[in-house]
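What follows is a set of notes on a single structure, which appears directly below.
What follows is calculated from the coordinates using simple rules that are stated; it is not laboratory data. The structure displayed is predicted, hence computed values, not measured ones. Cβ sites come from the backbone with ideal geometry, for glycine too, and all protein chains shown count toward neighbours.
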Amino acid sequence: MPVIGFLGTSSPAPNVAFIAQLRRGLKEGGYEEGKTVAIEYRWAEGRYDRLPVLAAELVAHKVDVIVSQGGSTPGVEAMKVTRAIPIVFITGGDPVADGLVTNLARPTANVTGVTWLSSDLGPKRLELLRELAPGAKTFGMMANPNAVETERAIRESQEAARASGVSLHVLTARNESEIEQAFAAVAQARDGGMVIGMDAFFGGRRQLIAALAAKHGVPVMGGFREYAADGCLMSYGPSLADAFRQGGLYAAKILKGAKPGDLPVLQPTIFELAINQKTAKAIGLTVPPSLLARADEVIE
């Protein structure tokens, strides 16, 4: 039975639905976990320093394919320990800028995957927040400095903020305590809202982020619909669930003999705006009708 090694930045509990989509993609490709394929899971639990050790464990286990998820960092760490085992990444970053591949159409070496380009959407998320608070002069952005895509995402968001005539208050967070500190700082500064940087550590703590946003009355913009579904005010981005499904399908193709270099990096074509009206009412915000009309999903 072939073995897939899964290397994730976050933790299992908040990713149950996404892993189900990974299994769905595998099944579409002809493989079913426990029957025709085994999966070895390694979760870093938000600790980026564990990724090199976990990647080395999967290589020592002699898995047939490594599926990395949680930004570009786990894929980069897997590349450092193997140039032979195929790697399928699922990332919200830019695979070329982050060093995963040199070309999206024809990846090199042993690496290909799925990018949902979410870290590049910071400027758009800031624009949507500004529509909620047109009079605000400052906005917050929470970012994890341990992720390889963070520096570029901050730079692009700051450039967009300057072009719009507002200031971006960047707060770094590597753990739950620092997430709480970030919300307290944004509330104290009376920022118009906060964009959550695309990072698997934050994604795995969506409910904590929603609770802190409610506690401090901070409008929060996340990167995929599950943020809004779990209580944050808004989310904008492609489907993370579909990215997992596509990652599973690519892993299945490789198990059947396809070479990573022959599989172009998949990119999203649909981007969704979700708005949680219940959250808006709870923090005393009125969402403009023009914004509601453009939403793909309004959660009541």
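Assorted remarks:
- Correct choice for Rg and Dmax of the Cα atoms in Å that was computed from the model, options (i) 20.1, 76; (ii) 19.1, 60; (iii) 17.8, 50: (ii)
- Considering only beta bridges that DSSP places wholly inside the chain, some 10 percent are antiparallel.
- When +1 charges are put on Lys and Arg Cβ atoms and -1 charges on Asp and Glu Cβ atoms, the dipole computed for the chain relative to its Cα centre reaches about 160 debye.
- In this Cβ point-charge picture (+1 for Lys and Arg, -1 for Asp and Glu), region 192-300 has a dipole of about 180 debye about its Cα centre.
- Helix-only [θ]222 nm of the chain, DSSP H runs n ≥ 4, -39500 (n - 2.57) each, per residue, nearest 500: -11500 deg cm²/dmol
- Residues whose placed amide H lies under 5 Å from that of ILE90, excluding near-sequence neighbours: SER68, GLN69, GLY70, VAL114
- Taking the square roots of five times each eigenvalue of the Cα gyration tensor of region 165-289, the equivalent ellipsoid has semi-axes of 33, 16, 13 Å, listed largest first.
- If you model region 112-233 as an ellipsoid using its alpha carbon gyration tensor, with each semi-axis the square root of five times an eigenvalue, the axes come out at 19, 18, 14 Å, biggest first.
- Multiplying the residue separation of GLU151 and ALA282 by 0.36 nm and subtracting their alpha-carbon distance yields 43.8 nm.
- Less than 5 angstrom separates the built amide H of VAL101 from those of VAL96, all sequence-distant by 5 or more or on a different chain.
- Calculated FRET efficiency for the pair GLU272/ARG50, C-beta based, R₀ 30 Å, to 0.05: 0.40
- The distance linking region 155-211 with region 1-61 is 29 Å (Cα centroid to Cα centroid, whole angstrom).
- Ordering ILE90, PHE18, ILE39 by the projection of their Cα atoms onto the charge dipole of the chain, which places +1 on the Cβ of Lys and Arg and -1 on the Cβ of Asp and Glu, puts ILE39 at the extreme positive end.
- TYR41 versus THR102: modelled label distance in nm, points set 7 Å from Cα along the beta carbon direction: 3.7 nm
- Estimated at 0.36 nm per residue, the fully extended path between ALA136 and ALA109 surpasses their Cα-Cα distance by 5.0 nm.
- Dipole magnitude for region 1-132: computed about the Cα centre from +1 point charges on Lys and Arg Cβ and -1 point charges on Asp and Glu Cβ, it is near 120 debye.
- Between the beta carbons of LEU208 and ASP64, assuming R0 = 45 Å, the FRET efficiency works out to 0.80 to the nearest 0.05.
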